[in-house]
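Working notes, structure below.
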Amino acid sequence: MAESKSVVELLAEALRLLCEPTDENLAMVSVLLVEARRAAQAEAEVRRWVPVGERLPEPCEWVLARWHGIARPGVVAFLNGGWIQGGLEVSAPALWMAIPDPNEPTTVPR
């Protein structure tokens, strides 16, 4: 299966095609822009705080978590129906999100 391209890669390819505006290239630019929009929406979905009541992370997935009344997020795993932090079971957080890729320039949403 081919690896999906990032938003930046899709837009760069679209700009390259616009340098030679043939009918075929312009049609491909339209396709690339739709793909870039979908990729941006998917990236935004991954980076948002998800209420625990809406969806849980995959089992054994390490995520950032926030609890009501606690200012800083913590790193926890959802395992066997419970939440683990530092080897200890902790109360269920209110929100969670995927841990951002350290190679991507981003900030953690509040």
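Quick note: the coordinates plus some simple rules give every number you see, no bench work behind them. Predicted model only: the values in this text are computed from it and were never measured. Methodologically, a virtual Cβ is constructed for each residue, glycine included, from the backbone with ideal geometry; neighbour enumeration extends over all protein chains shown.
Tell me the angle of helix 7-18 to the major Cα principal axis of the chain, expressed in degrees between 0 and 90 and rounded to the nearest ten. Tilt of helix 7-18: around 10 degrees.
Residue-wise HN-Hα couplings along segment 83-98, as the Karplus relation 6.51 cos²θ - 1.76 cosθ + 1.60 with θ = phi - 60° gives them from phi, are 10, 10, 9, x, x, 10, 6, 10, 5, 5, x, 7, 9, 8, 8, 4 Hz; Gly and Pro carry x. Given +1 at the Cβ of Lys and Arg, -1 at the Cβ of Asp and Glu and no other charges, the dipole of segment 7-46 around its Cα centre is 100 debye to the nearest 20. Compared with the dominant Cα axis of the chain, that is its longest principal axis, helix 23-46 is turned about 10°.
For segment 7-46, pairs of C-alpha atoms spaced more than 13 angstrom apart make up 48 percent of the total. For the chain, the fraction of C-alpha pairs farther apart than 16 angstrom is 67 percent.
For segment 50-98, divide the Cα radius of gyration by the Kirkwood radius and give the resulting Rg/Rh value with two decimals.
Details: Rg = 9.6 Å, Rh = 10.6 Å.
Result: Rg/Rh = 0.91.
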